[in-house]
Amino acid sequence: MPAMTQIPQNYKNNVNWILGAYTDAGVNFPNGFQKDAIQNAVGARKTDKWKNWSCDISFIENEHGRFVVVEDCGTVGLTGKNTPSEEINKMMAQEKTLPSTERLSRFTSMFNSGGNTTGGGLFGAGKSVYSVASSTYTYYFDSLREDGKYVANINKCGQVMTVALEEDAAKKYIFERTGLQSKKTNGTRVIIEEPKEELVTSIQSGEIIPFIQESWWLIIQRFDETSCISVNGVPVTVPQGIKTGTRTFELQTPETYATDYKVKHFGLYLFENGDNIWEGVSYYRKGMKIGEIDLKDIPARIEGKFWGYIEVDKLWEDALSDIEDKVHFGVSKGQKRTTTYQYLKNYCNDKIRANLVEWGFIKDKENEDKKLRDELKQIAEDIQDLFDKLGFEDLGKGPQKADFDVRWQDIVYPVENTERVTTGDEVAFSVRIKSSYAADKRFEYSLNVVNPKTGDVLSQIKKEKITVKSNTVVKKDFVFKVSKENSEQNSENRIVLVVKVIGSGKEKKKELPFFYDIDKPDNSRNCVNLVLHACEFPRQNCRRVNFGEMLKNVCYRINNKRNHELKYRLNISVHNASDVTCPKIVDIASFTGSIKPFEEEITPCVDEIIFEKAVYEQYLNSGVLELRARLIANEDDEEYEKGDKITYYYFKLFLNSDEKNGKNDAFDVISIDNPENYKRSWFTPGTGRTIYLNVGHTAYLNVQDFPDIQHEYLREQMLKQYVLLYLAEGKYDMFGEQGSNFAELEPQEAADRVIEKIERVYSQSLR
């Protein structure tokens, strides 16, 4: 077989790609040069600290010519074996990887980065920029390594000496070619021959300094007197007044946005006079500015008058590096739809919006229109209940103990075990109102007879304002006498109790049916409801529990919506939900009791549920647990036999792991009056997930004279965004079909699935 040879290559074309990359990123060559040159020095630090570290970019002119010199100190230098370039080429041809410690070999070869592990360099772009910076595509490089060895070489339009020169030979070579003395401090120096005039002008005039400041100010501010980035030997400093805006916000403590996504720093600085030197909000990786965040809904009067930044933790940084362009000025084409970037964008937009609302640049309809706020809250609760009934994955944060409690008590119909009445019959009942407020509260209650089909009020039994003292109960007794004047004959009627907290907008409703000269239809609902009423967690609004921690004061609410006394047993246990079979780990408690017709009861409290390591570690060390409560008939009655399972309530806990965000209290809802925004509604996912409804949109304003239609409009928009929240947070199971993977669908098919899900859920919500 004839001998093989490498395909001839045009070196200039191979390195000139970087010029197009800078153009695509919207930056000029000096800006791109400083970033790539400095990140090489940043990544070569001996440690993550900055003590005794420096990087200088200078222009030098002497009898040997004109040079741009990039020199770092306090770095490891070009370490590793002085491997012949022919061997390096063979290794690369065989797809072998050069270890990161072989910095000399990596720097000498073309398509390897310098081995940086602590800096921003990932793609080896720095070496390309050195070649392109030279009119002759030539640069020298020398290094005094941390092991004391001195090495030097040249890259002349893609050609290098087979092995680097060492010690005196290296020093002599550099001096003879450049007139520069050998390095005296550990580190690396790159000497660019006949630099392009654009770069020289930028260095001599100082135009390169603002580029350095914007890219590296986070690092510069952390320097001590032994560290610096300099231009022509003059240290670059952080510009004065960059954070002295008319309005400022800085994140005080790190904040978790979603599982595995943690924000370390976030700052926002508004200059209403337009004195800011930077614009937009940028994200930084390892102290280096990468790119600006795509912002939305910025009011025109502050456009261009603010700047900000965000730093995230290492795990999130590493994920961002995977989608970063090769010159470190933003996200690669087509990568902005990734969860990694979307979470970054959504977090920034969420923070900006919250601050603009607080600062008065965006109207917050929630604060201006209390009635709307209460309406939205009720719609949100109804929708989350619907999703629970439809079996959607839990996205909530857990129970919240009510501020006040309303119940029927002592209900007596004319004939036992039937709600049928006739003219002159009396229905006796009591209304119980319990206040858990810390202070005395004024309540208004009303008792009306209502036709459930039409919603018409047929008569009023009582309407009264009362004061309920803190942590006390008020009980009111009533006897209602049925007549043709106060009720509708031959029909179902309902006594409707509405209790409102005066001044807060909070209200609760209870209904008591009676059938006037007709039998109760077979389709009338007899049911018993069970919910978790109260539970104190080790951490507020978080369902994480660690070994040795406990839940306190766990109790349930049972609502008997039947005209039969319920004798029950409630069994409580903890199960391993990380196992598909969900085996029981431990029994917690068992309660028996009875509840009268149409009444409800709070069960006794389980004082403590301790997650002892010795009990749980044989099942799992971390993962999902399920607190299960099952309601069982304890005696025969008209509907159940003893031992029948009546209903249940399962609640997820997270053992030694962060909570997976879920459905109860799954989202906040905020109304935004923004007629300039074409969107009717939108959301932000993550820990602080919020659904925004644009009440300034023409579609909403067009139905403002029709409250019922407007209510339904808000409901439909909120439901749509809740479905889309599941999509944004990667809960794909609800969109797929058996045997198919939603994430692998073609775009059109995936879009069809999402639209179908929205329409299906909306249709089910109307039933």
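Read the figures in this text as sums done on the coordinates, not as results from a lab. Being a predicted model, the structure only gives us computed values, none of them experimental. Cβ coordinates were reconstructed from backbone atoms using ideal geometry, including for glycine residues, and neighbour counts include every protein chain displayed.
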Problem set entry | Rotationally averaged projected area of the stretch 450-587 (alpha carbon convex hull; nm²) | 14.0 nm²
Seminar exercise, completed: Counting every C-alpha pair in the chain, the percent lying more than 33 Å apart is 65 percent
Exercise. How far apart, in nm, are the 7 Å Cα→Cβ label points at LYS475 and ARG420?
Worked result: 3.2 nm
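Computed FRET efficiency, Cβ-Cβ of GLN618 and GLU536, R0 41 Å: what is it to the nearest 0.05? Provide the component values of the computation, followed by the final result.
Details: r = 27 Å, r/R0 = 0.65.
About 0.95, to the nearest 0.05.
Please state the relative contact order of the stretch 243-302 as a whole percent: Cα pairs under 8 Å, 6+ residues apart? Show your work: numbers first, answer last.
Numbers: 63 pairs, mean separation 15.5, N = 60.
Across the stretch 243-302, relative contact order equals 26 percent.
Please work out how much length the chain gains when fully extended from SER590 to GLU166, using 0.36 nm per residue of separation minus the C-alpha to C-alpha distance, in nm with one decimal. Mind dumping the intermediate values first?
Working: separation 424, 0.36 × 424 = 152.64 nm, distance 8.16 nm.
Gain on stretching SER590 to GLU166: 144.5 nm.
With a Förster radius of 35 Å, plug the Cβ-Cβ distance of GLU381 and GLU746 into 1/(1 + (r/R0)^6) and report the FRET value to the nearest 0.05.
On the way: r = 37 Å, r/R0 = 1.05.
Once rounded, the FRET efficiency stands at 0.40.
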For this session: Give me HIS328, HIS575, HIS265 ranked fewest to most by other Cβ atoms within 10 Å of their Cβ, as a rough exposure proxy.
Result: HIS265, HIS575, HIS328
Seminar exercise, completed: Assertion target for VAL160, VAL69, VAL545, ordered by fewest C-beta neighbours within 10 angstrom first, is VAL160, VAL69, VAL545
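Checking the table LYS552/LYS613; LYS81/LYS183; LYS96/LYS289; LYS465/LYS506; LYS49/LYS296; LYS262/LYS552 against a 26 Å threshold on Cα-Cα, which pairs fail?
Working: LYS552/LYS613 18 Å; LYS81/LYS183 20 Å; LYS96/LYS289 32 Å; LYS465/LYS506 15 Å; LYS49/LYS296 37 Å; LYS262/LYS552 29 Å.
Violating the 26 Å limit, Cα to Cα: LYS96/LYS289; LYS49/LYS296; LYS262/LYS552.
When the convex hull of the Cα atoms of the stretch 168-239 is projected onto a plane and the area is averaged over all directions, what value comes out in nm²?
Details: hull surface 24.5 nm².
Taking a quarter of the hull surface, the average projection is 6.1 nm².
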Seminar exercise, completed: In nm, the gap between the two label points placed 7 Å beyond Cα toward Cβ at ASP708 and GLN460 is 2.2 nm
Seminar exercise, completed: Residue separation between LYS156 and GLU250 times 0.36 nm, minus their alpha-carbon distance, gives in nm 29.0 nm
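May I ask you to derive the relative contact order of the chain, considering only C-alpha pairs under 8 Å and at least 6 residues apart, and to give it as an integer percent? Please report the intermediate quantities before stating the final value.
Working: 1519 pairs, mean separation 62.8, N = 767.
Computed over the chain, the figure is 8 percent.
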Exercise. To one decimal place, what Kirkwood hydrodynamic radius in Å is obtained for the stretch 398-521 from all pairs of distinct Cα atoms?
Worked result: 15.5 Å
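Specify the longest stretch of the chain that does not include any exposed loop site, a site being one of the chymotrypsin sites (Phe, Trp or Tyr not before Pro) with a non-H, G, I, E, B DSSP assignment and at most 11 other Cβ atoms within 10 Å.
Details: sites that count: PHE111, TYR678.
The answer is 112-677.
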For this session: Can you give me the P(r) profile for the stretch 12-235? Cα pairs, bins 5 angstrom wide beginning at 0, each as a whole percent.
Result: 1, 7, 15, 21, 22, 18, 11, 4, 1, 0
For this session: Show that you can apply the helix-only estimate: for the chain, add -39,500 (n - 2.57) for every DSSP H stretch of four or more residues, divide by all residues, and state [θ] at 222 nm to the nearest 500.
Result: -7500 deg cm²/dmol
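Can you put ILE609, ILE191 in order of Cβ neighbours within 10 angstrom, beginning with the fewest? It would help to have the intermediate numbers written out before the result.
Details: ILE609 20, ILE191 27.
Placing the least packed residue first, the sequence is ILE609, ILE191.
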For this session: Could you pull out every one of the aspartates and glutamates with an alpha carbon less than 17 Å from that of LYS286, ignoring same-chain neighbours closer than 8 positions?
Result: ASP36, ASP48, GLU214, GLU311, ASP313, GLU317, ASP318, ASP322, GLU324, ASP325
For this session: Give the distance, in whole Å, between the Cα centre of the stretch 21-70 and the Cα centre of the stretch 254-318.
Result: 25 Å
Exercise. Helix by helix, which DSSP H runs in the chain go 24 Å or more along their axis at the Cα atoms and have an average Kyte-Doolittle hydropathy of 1.6 or more?
Worked result: none
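If Lys and Arg each add +1 and Asp and Glu each add -1, what is the summed charge of the other residues whose beta carbon sits under 13 Å from the beta carbon of ARG715?
Values: positive: LYS377, ARG680, LYS720; negative: GLU375, GLU381, ASP382, ASP385, ASP708, GLU712, GLU716.
So the surrounding residues net to -4.
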Exercise. With contacts defined as alpha carbon pairs under 8 Å and 6 or more residues apart, what's the relative contact order of the stretch 561-661 in percent?
Worked result: 31 percent
Exercise. Label-point separation (nm) for ASP388 and THR339, each offset 7 Å from Cα along Cα-to-Cβ?
Worked result: 2.6 nm
Problem set entry | Förster radius 22 Å - calculated FRET efficiency between LYS484 and SER446 (Cβ-Cβ, nearest 0.05) | 0.50
Exercise. Out of the DSSP beta bridges found with both residues in the chain, what percent are antiparallel (nearest 5)?
Worked result: 90 percent
Exercise. Expressed in nm², what is the orientationally averaged projection area of the convex hull enclosing the Cα positions of the stretch 549-637?
Worked result: 6.5 nm²
